[in-house]
Every structure is written in structure tokens, then in C-alpha cells.
Amino acid sequence: MSRAIASLLLALALSSCGLRPLYGGGASGTVAATLQSVQVAPIGGQVGWLVHNKLVDRLGESGSAGPTYRLDVTLDDNITGFGIRGDRAATRERRTLRARYQLVNLASGTVVLDATAGSDAGIDIVSSEYATVAAEQTAVERLSDIVADQIVARLAVYAARTRTR
């Protein structure tokens, strides 16, 4: 009997906490509609191309209606060697991808969100140059995924907080 009462009290406490699903309403919800109204500006370079395509895939740009927002992204891609051997050759690299992004309201031209995202990946340097280059490419693809996910998550939170109630 006490377990039933405890679970009922727990259910009541959780239902009154004020949490709402971020993507409530699914594809027709306000957050999804806001994300689809974001136009991603071109980003320079190979890594920029990767991040741009991943953002477009995640945001689901509709293209049917004019965009409400523009997303401007500036990337900082850096590879640092460390783990130096006696012959001064690096044995490990750290690839860091950082993005500063701004969400611009196209109607007013104002920046409504200015934030950063980023991630790091470690890469072992082996005797085969091909293997090292392949590892660097795999790392940048993985980092592009992570950075795009961080940006879209932050845009979704912004959309949920600013939607009309």
C-alpha cells in the first residue's frame, strides 16, 4: 500500500515540474518549424563544407517558404602535434574544431543568438602516412557531426524559449 502511495506521489511531483518536450508537436511543432526556417550561410573550406551540409541535413531547410533566420558560422580548425619522440617527431595529434555561430533575424538584421560550439579528437601518428591522413579525415568528419549537433541543439533551445506562448 505504501509503495502505491509513494509512486502516486512521485508521479504527481514529476508531472508538476514544468518540463516540456523540446520537440513537442513533432515535425509540425513550433521548434521544428523554426529550425526549418533557418538558412545556413556558406562556410569556407573543406571542413566548412562538411559542417554546412550536416547543418542543412539536421535543420531540414524547407525551401518552400522564405527563411526567417540566417545562420552564420565561422570555423577554427587546428591540428596540434604532441607526444614528441627523441627525434622530434610527433606521435600524437589533437584536432580541434571550434565554431562561432550567429543566428541573424532576416527581417530586422539583428543577431538574436551568438554562441560557440566545439570538440576535440586525438589522433595517433603511425608509420603509414595514408593511415594518419585517413585518421585525420575520420576525426574531422566526426568533429563536424558533433559541432553540427551542438549548434542545432542550441538553436532548438533558443526556438523553444522564444516561441509565442
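Sequentially through region 91-97, phi angles give Karplus couplings (6.51, -1.76, 1.60; θ = phi - 60°) of 10, 8, 10, 10, 9, 10, 10 Hz, Gly and Pro residues having no value and appearing as x.
Note on residue 2 and residue 84: the model spin-label points, each 7 Å out from Cα along the C-beta direction, lie 6.6 nm apart.
With θ taken as phi - 60° and the Karplus curve 6.51 cos²θ - 1.76 cosθ + 1.60 applied, the whole-hertz 3J(HN,Hα) list for region 100-106 is 9, 10, 10, 9, 10, 6, 6 Hz, x standing for glycine and proline. On the beta carbon distance between residue 126 and residue 157, with R0 = 25 Å, the FRET formula returns roughly 0.05.
The Cβ shell under 11 Å around residue 102 holds other residues with a net charge of 0, Lys and Arg each +1, Asp and Glu each -1. How large is log10 of I(q)/I(0) for region 24-162 at q = 0.15 Å⁻¹ when the intensity is taken from the Debye formula with one equal scatterer per alpha-carbon? Relative scattering, expressed as log10 I(q)/I(0), comes to -0.75.
No lab work stands behind these numbers, since they all come straight from the coordinates. Predicted, not measured: the structure shown is a model, and the values here were computed from it. Reconstructed Cβ throughout: ideal geometry from the backbone, glycine too, with neighbour counts over all protein chains shown.
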